[in-house]
Amino acid sequence: MTKAFRKKNSNFFTVNDLACIALRNSDKSEKLSGSHWKKLTNIEFSGNPIASFDKSTFSELPHLKKLTLSEIRQLDEFPNIKGTSSLEHLRIDRANLKMVPADICSAAPFLRSLSFKSNLLTQIPKIESCLELKLLDLSYNNILAIEDNSFKNQANLIDLFLSHNSITEIRMESFKGLLKLQVLDLENNKIVKIHEEAFVHFKDLRDLNLAANKFSRLPTKGLQNVRQLKTFNNRELKEFPPVETFPKINMLALSTLTIAVNS
């Protein structure tokens, strides 16, 4: 959106019949109010110095399917999305969120993707009632642990990104419930221990990134369908499992050297 457009359309934020708003890299600080946005299906604010939100800015928007709030550094409180029950894709990244409300799935039960990359979260949000979730991105936060049953009822989740956190251990039931997971990224954590059966819940995991951690042993149960495996930058992993353990593998990144495997 150009400055000329904003000047010419000074009442832009109070237009009643908009279906989509996309405001990127604006240099104008706005106070947002969503009282006239009832027909919106898509909202995107990216790289804008938003001054503040009205408490109800993103609530009671029954047609909204996608909400993106990216690089809004002032955002430190989760927006109210009550009454926005059609929401399928929610992205709030590069902000200063410290928590996600426990009732997020009650407010938006049809969520298919959640991205809270680059915030200040210390624990995995409660998402057990988000039964349609396919993607969850919690990378670049301050998450300390994956508690047992963190992914209860997440049988449809396909992509899980947890890289660049402070996770120290993978427990036996850390990933319980992730029957359809295909991509798991745990790069650059502080993992020192992985339970022998931590991966047994996976039926079709294909891409596993465990690079830049500190574990000394890599369990292989549940990794029979892995195609890509990364464990580079881990000085503690002295002995790697036999390649035959991964019958479908086609790429191994064990150090700075990436090995292509002919299957």
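The numbers here are math on the coordinates, done by the rules we state, and not lab data. Treat the numbers as computed from the prediction; the structure is a model and nothing was measured. Ideal geometry is used to build each Cβ from the backbone, glycine not excepted, and the neighbour counts take in all protein chains shown.
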query: What do the square roots of 5 times the Cα gyration tensor eigenvalues come to for region 31-176, in whole Å, largest first, as semi-axes of the equivalent ellipsoid?
result: 26, 18, 11
task: Please give the net charge around L87, taking every other residue with its beta carbon less than 13 angstrom from that of L87, where Lys and Arg add +1 and Asp and Glu add -1.
output: +2
task: Once you've got the Cα coordinates, tell me which of K55/K193; K38/K134; K98/K193; K117/K214 are over 31 Å apart.
output: K55/K193
field: Highest-first arrangement of 103-113, 198-208, where packing means the average Cβ count within 10 Å
entry: 198-208, 103-113
query: region 141-263: Rg/Rh from Cα coordinates, Kirkwood Rh?
result: 0.93
- line: Looking only at aspartates and glutamates whose Cα falls under 14 Å of K180's and that sit 8 or more positions away or on another chain, we get E132, D159, D204, D207
Cα pair distances of region 37-102 binned at 5 Å [whole percent]: 4, 18, 29, 28, 18, 4, 0
- line: Yeah, region 74-160 with a ≥ b ≥ c from its alpha-carbon gyration tensor (a/c under 1.5 is rounded, else prolate when a/b outruns b/c, oblate otherwise) is oblate
